[in-house]
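Notes for the one structure printed next.
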Amino acid sequence: MLEEHLKKVLQSIVGHENYQDSKTSLLSYSYDATPGFQSFPDAVVSPRNKQEVAEIVMLCNQHNIPIVPRGSGTNLSAGTTPLYGGIVLLMKHFNKILEIDEENLTVRTQPGVVTQTLIEAIEDKGFFYPPDPSSMKISQIGGNINENSGGLRGLKYGVTRDYVMGLEVVLPNGEIIKTGGKLAKDVAGYDLTRLFVGSEGTLGIVTEATLKLIPKPETKQTMLVLYQNLDAAARSVSAIIANRIIPATLEFLDQPTLRAVEDFAQIGLPTNVKAVLIIEQDGPKTVVEHDMIKIANICKENEAVEVTLAKSNEEAEALTTARRAALSALARLRPTTILEDATVPRSEIAKMVSAIEEIAERNQVTICTFGHAGDGNLHPTCLTDIRDKEEMARVEKAFEEIFHKAIELGGTITGEHGVGAMKLPYLHLKVGKAGLDLMRNIKLAFDPNNIMNPGKVFAELDKKRVVVQK
Ligand SMILES: Cc1cc2nc3c(=O)[nH]c(=O)nc-3n(C[C@H](O)[C@H](O)[C@H](O)COP(=O)(O)OP(=O)(O)OC[C@H]3O[C@@H](n4cnc5c(N)ncnc54)[C@H](O)[C@@H]3O)c2cc1C
């Protein structure tokens with residue numbers, strides 16, 4: 001609990017109704033979507049505007065109180081677990097889309113807007129905001145920016161970073177800065193916008209964002225491709241790209257994931273095949289038709305046993321919705337679901353998929369794999385039980401081996417979920433000691449007292465999947 005006088009000051013800033021410290025509230029914000037991490041904050045504070053954010057930050061900086069900014073808490077790297085207590089800064093009041101600028105093709109938004117709400121508002125006006133994490137019905141734009149989230153459309157359209165043009169940020173000393181803007185070109189000094197994107201709440205609090213829009217594609221088509229051989233599916237992915245076709249979506253599901261998804265979504269997906277690809281192309285009608293024929297042929301040449309084009313928008317939507325439900329579907333099977341996002345160059349997908357199978361078998365753990373195959377971004381997902389210490393040790397070992405394999409293949413430990421507290425023991429594998437030192441120095445330049453989301457990204461190097469109970 002915070003000292004009484006600090007509680008009173010915080011209440012005077014945000015109002016009593018926006019300050020919570022009941023046991024129920026603290027419990028509710030002690031964890032996020034990441035299994036195995038829980039730690040209680042001292043208070044949950046919901047500012048109503050940027051001035052209140054600045055006042056809170058100045059107070060916390062003065063008294064060394066950790067601040068954990070929080071959107072919807074759907075991150076999968078323990079990014080919002082308040083490992084060192086302090087306050088959870090809830091962005092729920094920052095929920096307005098401020099301006100859709102049709103001339104500059106931008107949207108100015110507050111960070112607490114739910115991703116899907118923003119996407120729908122944009123599409124209503126004939127524009128397109130591509131970053132579509134599977135969690136988009138719940139996740140918020142501020143969370144997407146701070147994790148640099150990807151999604152199903154990442155292959156063709158890139159990730160959140162590619163759409164953030166400008167930010168308003170409250171710095172850890174309480175100053176408010178604006179970076180970038182509605183500018184197609186801007187090379188005035190260092191690119192601070194990019195630095196904040198993916199910074200996981202460790203450098204400042206985003207209070208507004210200017211995002212890039214593009215015209216909505218004329219049409220789209222979706223295809224389901226079945227394989228009796230994982231390697232053939234992975235080879236098809238590389239072959240499609242090598243044939244100079246960039247589909248909007250190129251998703252992979254292995255058989256165990258497929259079975260769980262079908263059981264959950266009940267849309268008639270085949271469960272007797274070893275793997276499927278869900279492929280979507282969008283753009284002008286003639287281009288889409290041409291690409292889909294070419295893709296179908298490439299898949300058949302690579303041992304696809306069946307290729308089916310969705311016959312209607314509803315059928316297409318059912319396929320992508322089912323794919324988005326993969327994690328939720330798998331989560332029903334065992335008490336604990338640990339999802340990782342090791343990523344490799346897409347040419348190495350086949351090797352990575354077979355390495356994951358071999359590692360799972362050798363460590364006797366259940367790992368189902370699905371993911372954004374076109375991006376090389378796989379989600380090996382372990383179904384386990386966190387109460388079983390012996391099994392968890394094997395799970396840890398398997399994931400460690402998976403990370404090493406990804407790095408060996410020229411990949412990374414996380415493609416879109418961030419480092420948070422969960423993957424910080426492995427960050428050095430990707431960026432090396434000099435990289436880590438540089439990042440730590442950048443952090444200290446912004447936040448010398450380390451009040452912003454401490455214990456995340458690189459603050460601690462030696463702990464593994466710590467469960468900090470306060
Ligand atoms: C079922 C499921 C499917 C998912 N699918 C995908 C997917 O396809 N692609 C993908 O990339 N991720 C996916 N995720 C992960 C997650 O949804 C994303 O990381 C998402 O961007 C988090 O948004 P959020 O609002 O929940 O943020 P939170 O989890 O609340 O926060 C995420 C990070 O951002 C920081 N933060 C939040 N708001 C601010 C702010 N205003 N200022 C500063 N820092 C802030 C937090 O401190 C934290 O470090 C999935 C998660 C689930 C549970």
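The values are calculated or read from the model by the stated rules, or taken from the named source; none is laboratory data. None of these values were measured; they are calculated from a predicted model. With ideal geometry, Cβ positions are generated from the backbone for all residues, glycine too; neighbour counts draw on all protein chains shown. Keep in mind that these areas ignore ligands, DNA and RNA; they rest on the heavy atoms of the full protein, side chains included. Shrake-Rupley method; radii C 1.70, N 1.55, O 1.52, S 1.80 Å.
Put a plus charge on the Cβ of each Lys and Arg, a minus charge on the Cβ of each Asp and Glu, and nothing anywhere else: the dipole of the chain about its Cα centre is then about 460 debye.
In nm², what is the average projected area of the convex hull enclosing the Cα atoms of segment 298-387? It would help to have the intermediate numbers written out before the result.
Numbers: hull surface 29.3 nm².
With the hull built on Cα positions only, its mean projection is 7.3 nm².
Shape analysis of segment 8-156 yields a ratio of the Cα radius of gyration to the Kirkwood radius, Rg/Rh, of 1.01.
Its Cα centre serving as origin, segment 59-116 has a Cβ charge dipole (Lys and Arg +1, Asp and Glu -1) of approximately 380 debye.
Give me Rg/Rg_expected for segment 345-432, where Rg uses Cα atoms only and Rg_expected = 2.2 N^0.38 Å with N residues.
Values: Rg = 12.7 Å, N = 88, 2.2 N^0.38 = 12.1 Å.
Its radius of gyration relative to the 2.2 N^0.38 Å reference: 1.05.
The angle between the Cα long axis of helix 349-362 and the longest principal axis of the Cα atoms of the chain comes to about 80 degrees, rounded to the nearest 10.
Rounded to the nearest 20, the size of the Cβ-charge dipole of segment 208-266 about its Cα centre is 300 debye, with Lys and Arg at +1 and Asp and Glu at -1.
For a test of the definition: using alpha carbon positions, the gyration tensor, and the 1.5 limit on a/c, classify segment 210-354 as rounded, prolate or oblate. Walk me through the numbers before you get to the answer.
Values: a/c = 1.43, a/b = 1.26, b/c = 1.14.
Because its axes are fairly even, with a/c under 1.5, segment 210-354 counts as rounded.
Computed over the chain, the quotient of the alpha carbon radius of gyration and 2.2 N^0.38 Å is 0.98.
Compute the orientation-averaged projected area for segment 29-115 from the convex hull of its Cα atoms and round it to one decimal in nm². Mind showing how you got there, number by number?
Details: hull surface 26.1 nm².
Projected area, direction-averaged: 6.5 nm².
The rule of thumb for compact globular proteins, 2.2 N^0.38 Å, goes into the C-alpha radius of gyration of segment 169-229 1.80 times. Let me have the relative contact order for the chain, percent, based on Cα pairs under 8 Å that are six or more residues apart. Worked out over the chain, it gives 16 percent. Helix 285-301 and the longest principal axis of the C-alpha atoms of the chain enclose an angle of approximately 70°.
Just subtract the alpha-carbon distance of residue 334 and residue 51 from 0.36 nm times their residue separation and send over the number in nm, one decimal.
Working: separation 283, 0.36 × 283 = 101.88 nm, distance 4.50 nm.
Here the segment from residue 334 to residue 51 would lengthen by 97.4 nm.
Return the whole-Å distance between the Cα centroid of segment 399-437 and the Cα centroid of segment 2-34. About 34 Å separates the Cα centre of segment 399-437 from the one of segment 2-34. Accessible surface area normalised per residue over segment 51-197 is 40 Å², counting heavy atoms of protein chains with a 1.4 Å rolling probe. Every helix of 4 or more DSSP H residues in the chain counts as -39500 (n - 2.57), and over all residues that averages to -11000 deg cm²/dmol at 222 nm.
Using 1/(1 + (r/R0)^6) with R0 = 30 angstrom and r between the beta carbons of residue 294 and residue 437, what's the FRET efficiency to the nearest 0.05? Mind showing how you got there, number by number?
Values: r = 48 Å, r/R0 = 1.59.
The value I calculate is 0.05.
Report in % the part of the accessible area of segment 133-221 that belongs to carbon and sulfur, leaving out ligands and nucleic acids; probe 1.4 Å. Don't skip to the answer; put the middle values down first.
Details: 1990 of 3770 Å².
Using a 1.4 Å probe with all protein chains present, segment 133-221 comes out at 53 percent carbon and sulfur.
Calculate the spin-label point distance for residue 366 paired with residue 23, positioning each point 7 Å from the Cα along the beta-carbon direction, and give it in nanometres. Label at residue 23, label at residue 366, 3.4 nm between them.
Once the chain from residue 190 to residue 121 is taken as fully extended at 0.36 nm per residue, the excess over their C-alpha distance is 21.6 nm. According to the square roots a ≥ b ≥ c of the eigenvalues of the Cα gyration tensor, what is the shape class of segment 121-170, taking rounded for a/c under 1.5, prolate for a/b larger than b/c otherwise, and oblate for the remainder? In terms of gyration-tensor shape, rounded. Under 15 Å from the 7 Å Cα→Cβ point of residue 3, by amide nitrogen: which residues of segment 55-72? Within reach of a label on residue 3: 59-66.
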